[in-house]
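Undergrad: Here it is, the structure in full.
Just so you know, all these numbers are worked out from the coordinates, no wet-lab data involved. Note that the structure is a prediction, hence the values are computed from the model and not measured. No Cβ is skipped: glycine too gets one built from the backbone with ideal geometry, and neighbour counts run over all protein chains shown.
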Amino acid sequence: MKILVFSTLFPNNTAPAHGVFIKNRMKAVSEMDGHEVRVVAPVPYFPPIKRFKAWYRFSQVAARERVDGLTVYHPRYLVTPKVGMTAYGVCLFLGALKTVKALEKSFSFDVIDAHYMYPDAFAAVLLGKALNKPVTVSARGSDIHQFSNLAMIRPLLRYTLTQADAVISVCDSLKEMMVALGTPSHKVSVIPNGIDGTSFYPADRAEARQRLGIPLDARVVLSVGALIRLKGHHLLVEAFGRIVAEETEHTCLYIVGDGVERGVLHRQVQALGLGSRVVFCGQVPHGVLVDYYNAADLFFLGSEREGWPNVISESLACGIPVVATRVNGIPEIVRSDDLGGLVARDVPSFVAGIRRALDTHWDRSAIGAYGQSRSWAMVAENVVSVLKRVSMR
């Protein structure tokens, strides 16, 4: 089977970690016998003007490249930042159409596999209609959570879900939301993300701490994620301040990630007198991130909403217990008290959950075995079964 992947969420030469979970899934599919994968990952058109740093990088993305063995095409499409969102899907469709038509002739793909509901999957549905190709669409979490609440985008989301030949969700809670939007339940397959056991695995804690310069005698809480409001770092910092004020042991908080809230969080940390206890690590590559997981006593995620957060899977694969908010797909990952704990999204609950976890003796080997149990190869088999079904429509 020949599969054309379509998504703006895919690694490229300027953003190697962008949409890496989609790359992992489709690389695993490409490694199965009898399947060939190519990727169309459009990027916004922008002239090479360096003073616009956030947008300049798009001009530096290669038109075509190889990413971890996959051939990836990057056609350009017009987008107006922060305005005209209802037109994004059509602009994406028009920008990609020439490239996809050319691939239909040279590659003769059997199915379009799209990721992220809007504008990506919407544009893919239009491409499928233009070329008479079946289309599968995958929901990731933020796409459904965000766009289902926007009155102007919700009809486009419904159109995508009803016109696609099959829908894939990473968790049951997301499937329920899509069914509530009018998607027939039988049309939605739940296929959670997998884990790359060669990138995330249990390792010696002391050695990991030595590599990172983390004190060997500290109790370490780790949080990984974009520094944006909905991830809840501001609540975590406040909770951590209360823990430090009453602690009898030395506890540190390491925050990996970057984003628009970085300055706000820095000021909050200083105001609470936590400058020596909270470390902002910025963005780090996977080769270093695995050390942060293994150096930690506990992983924490305080999100307002999530699909299937890969950071939780990564932590568990390293044998590290997780305390996280009881929202959306998270309870489907942290299924038992042997893996960590689930809490409400408020400061007192964060404090209680973190304290309880730090005072618990955890079986790292059992947590790691659970975290490693769902490989990307297993995910690929589930995905291919859906793609085969729609390709024979």
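Undergrad: Under a Cβ-Cβ cut-off of 12 Å, what is the net charge of the residues other than residue 261 that fall near it, where Lys and Arg count +1 and Asp and Glu count -1?
TA: Once all neighbours under 12 Å are counted, the net charge is +3.
Undergrad: If R0 is 30 Å, what FRET efficiency do you get for residue 286 and residue 356 from their C-beta distance, rounded to 0.05?
TA: The computed FRET efficiency comes out at 0.50.
Undergrad: Arrange the peptides 185-197, 313-325 so that the one whose residues have, on average, the most other Cβ atoms within 10 Å appears first.
TA: Top of the packing list down: 313-325, 185-197.
Undergrad: Still on this structure, please answer the following. Let me test this: with uniform point scatterers at the alpha carbons of the stretch 61-119, what is the Debye-based log₁₀ I(q)/I(0) at q = 0.12, 0.16 1/Å?
TA: At q = 0.12, 0.16 Å⁻¹ the computed log10 ratios are -0.36, -0.63.
Undergrad: If I fit a long axis through the Cα atoms of helix 233-246 and take the longest principal axis of the Cα atoms of the chain, what angle between them do I get, 0 to 90°, rounded to 10?
TA: Helix 233-246 sits roughly 10 degrees off the main axis of the chain.
Undergrad: While we're on this one: At q = 0.13, 0.16 Å⁻¹, what is the log10 ratio I(q)/I(0) for the stretch 205-371, with the Debye formula run over Cα points and no solvent?
TA: Calculated log10 I(q)/I(0) at the listed q: -0.55, -0.87.
Undergrad: Projecting each Cα onto the charge dipole of the chain (Lys/Arg +1, Asp/Glu -1 at the beta carbon, about the Cα centre), which of 299, 324, 257 comes out farthest on the positive side?
TA: Of the listed residues, the answer is 257.
Undergrad: Between [x] 72, 55, 41; [y] 67, 46, 39; [z] 66, 52, 48, which matches Cα extents along the principal axes in Å calculated for the structure shown?
TA: The calculated read-out lines up with [y].
Undergrad: OK, next. Pairs 2/231; 98/187; 23/101; 2/187; 23/133; 129/175: which are spaced more than 28 Å apart, C-alpha to C-alpha?
TA: Too far apart for the 28 Å limit: 2/231; 98/187.
Undergrad: Can I ask one more? Taking the Cα atoms only, what angle lies between the long axis of helix 154-163 and the longest principal axis of the chain, rounded to 10 degrees?
TA: Here the helix axis deviates by roughly 60 degrees.
Undergrad: What is the distance, in nm, between label points placed 7 Å from the Cα along the Cα-to-Cβ direction at residue 363 and at residue 132?
TA: 5.8 nm
Undergrad: Also: Using only Cα atoms and rounding to the nearest 10 degrees, what angle (0 to 90) does helix 262-271 make with the longest principal axis of the chain?
TA: Tilt relative to the chain: about 10 degrees.
Undergrad: Further question: Take every Cα pair under 8 Å in the stretch 1-124 that's 6+ residues apart, average their separations, divide by the length, and report that relative contact order as a whole percent.
TA: Taking the mean separation of contacting Cα pairs over the length of the stretch 1-124, I get 33 percent.
Undergrad: What is the Cα coordinate range of the stretch 119-209 on the first, second and third principal axes, sorted by size from largest, in whole angstrom?
TA: 55, 30, 24
Undergrad: Give the residue from 311, 213, 282 lying farthest towards the positive end of the charge dipole for the stretch 205-371; charges sit on Cβ (+1 for Lys and Arg, -1 for Asp and Glu) and the dipole is referred to the Cα centre.
TA: So the residue furthest toward the plus end is 282.
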